1. Checking residue 16 against (1) surrounded by 14 or more Cβ atoms within 10 Å (Cβ to Cβ); (2) modelled with pLDDT of 95 or more: exactly one of these is not met. Which one?
């Protein structure tokens, strides 16, 4: 059965639409704006709830980006320690200071 065209993955709420397509910096910057708007107050209940949902989705996106980056760093560190690095690194000096 052929795949049907569907919107990007989200919880189905308009407040979280498109979050999965954002890069880390975009999601972080938008999250900062959402927090600023919530802290400023003056929004109605529905808008505040939508902002909260968006903020939660953005925070989750940032966390997953950071976890992925950590996993890549850990894999690269493990490969380098095992001598599997293809990079032309300069020899490390054990006397750091």
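The values are calculated or read from the model by the stated rules, or taken from the named source; none is laboratory data. No experiment lies behind these values; they were computed from the predicted model shown. Cβ placement follows ideal geometry from the backbone for every residue including glycine, while neighbour counts extend to all protein chains displayed.
1. (2)
Residue-by-condition table, conditions (1) modelled with pLDDT of 95 or more; (2) part of a helix (DSSP H, G or I):
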{"site": "20", "(1), (2)": "no, yes"}
{"site": "27", "(1), (2)": "yes, yes"}
{"site": "36", "(1), (2)": "yes, yes"}
{"site": "43", "(1), (2)": "no, no"}
{"site": "51", "(1), (2)": "yes, yes"}
{"site": "56", "(1), (2)": "yes, yes"}
{"site": "76", "(1), (2)": "no, yes"}
{"site": "92", "(1), (2)": "no, no"}
{"site": "96", "(1), (2)": "no, no"}
